1. Out of all the residues in the range 306-333, which are farther than 30 Å from residue 407 by Cα and without any contact (Cβ under 8 Å) to a residue 40 or more places away in the chain?
2. Out of 78, 109, which single residue is surrounded by fewer than 24 Cβ atoms within 10 Å (Cβ to Cβ), touching a helix residue (DSSP H, G or I) at 6+ places or on another chain (Cβ under 8 Å) and without any contact (Cβ under 8 Å) to a residue 12 or more places away in the chain?
3. Residue 321: buried (at least 16 other Cβ atoms within 10 Å of the Cβ), modelled with pLDDT of 95 or more and within 17 Å of the chain's Cα centre (by Cα), yes or no?
4. Regarding the range 256-271, can at least one residue be identified that is within 30 Å of residue 155 (Cα to Cα) and surrounded by fewer than 16 Cβ atoms within 10 Å (Cβ to Cβ)?
5. Being in contact (Cβ under 8 Å) with a residue 40 or more places away in the chain and buried (at least 21 other Cβ atoms within 10 Å of the Cβ) narrows it down to one residue among 204, 167; which is it?
6. Given (1) in contact with a strand residue (DSSP E or B) (Cβ under 8 Å, 6 or more places away or on another chain); (2) without any contact (Cβ under 8 Å) to a residue 24 or more places away in the chain, identify the lone condition not met by residue 45.
7. Give the range 282-292 a look and list any residue that's closer than 21 Å to residue 214 by Cβ and free of Cβ contacts under 8 Å to residues at least 24 places away in the same chain, or say none.
8. In the range 144-170, which residues are in contact with a strand residue (DSSP E or B) (Cβ under 8 Å, 6 or more places away or on another chain) and either over 23 Å from residue 322 (Cβ atoms) or assigned to a helix (DSSP H, G or I) (or both)?
């Protein structure tokens, strides 16, 4: 495959995507664009005939467009605030793109702003279809692999009555030696934002809104046992279960559903107190002569401490579970797809980097090879399971499947 890739962003996930693109044997050349000062040093161990580093600020839209027009595909690994605009530029240039990000994140937006973003996405979808290109979004770990696995699980049931998805980034047992039993494997500010986010679950067939300051409360959380993790996992709602049920076409039959994040024991009680005490509020407060956002302060305080960072030889672990219960061929059954992955100490890539970066790289190669060629703004729900999980096994990333008959209403 003699194709050229423009990689925008060399943060943690971008670095993993670059590694996989270069070593896939299917990509001729990667232009890696970032404005970080250590760009040259970061790329020094890659052969120059395979990778070119370009100092580029993505606010320079003319520069971004120039490099896009020279590429066969764009892999975008940038902060959430710019991703929709980058997708729009790619469509304007007629170049397909892969991103792990949501294009619509309603956090902090009023109804009018949400409606405006939805219109922009609709316009982008129309333009991508007109140009005959794929803009593949939500194609990382979560969102991404969870969506691929979810579509597969619900396809095996004629009617879905319960549907629960779980995602977690945790320290492995050899890296849990701090008061929170947690270390950052992705953006610290992203974690803090996710800890105060409106969620929606389905309970008793009804949609239930969970307030942003209530997601850690005992009434909304539950515990699951996952022996491979080495401890019970506390799960709290963190997403819109109704939205995904509608996307999957299963809302009408659902009695119970939730999208959950998992953490180790004690985490939820601590953060419930922190949220209710204002430590994750965005509105600045006066500290002496300065105005300080409590959320930004909390993020900076935790992220600056080595005890909340992964050291050499320490592993993170990622967990995805999709649990679907319902009826197939007149019989009640439960189908569970599950993935657990650990940091690769040989390459140094964390599990979070692997599942996000390698998945984006795979998405780009599927599009370039013609294996996945569907125009418009798409997500992981549009990509077949068989095109994604089996190829990732070469990295040791494996999903398992289990099935049980259900004899009782809830089992």
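The values are calculated or read from the model by the stated rules, or taken from the named source; none is laboratory data. Values in this document were obtained by computation on a predicted structure and should not be read as measured data. Cβ sites come from the backbone with ideal geometry, for glycine too, and all protein chains shown count toward neighbours.
1. Those that are farther than 30 Å from residue 407 by Cα and without any contact (Cβ under 8 Å) to a residue 40 or more places away in the chain: 306, 312.
2. Numbers: 78 fails: without any contact (Cβ under 8 Å) to a residue 12 or more places away in the chain.
So the residue among 78, 109 that is surrounded by fewer than 24 Cβ atoms within 10 Å (Cβ to Cβ), touching a helix residue (DSSP H, G or I) at 6+ places or on another chain (Cβ under 8 Å) and without any contact (Cβ under 8 Å) to a residue 12 or more places away in the chain is 109.
3. When the stated conditions are applied, residue 321 passes them.
4. no
5. Selected residue: 167, the only one of 204, 167 that is in contact (Cβ under 8 Å) with a residue 40 or more places away in the chain and buried (at least 21 other Cβ atoms within 10 Å of the Cβ).
6. (1)
7. Selection gives 283 alone.
8. If we filter the range 144-170 for residues that are in contact with a strand residue (DSSP E or B) (Cβ under 8 Å, 6 or more places away or on another chain), which is where we start, we get 145-146, 149-150, 152-154, 156-170.
Result: 145, 146, 149, 150, 152, 153, 154.
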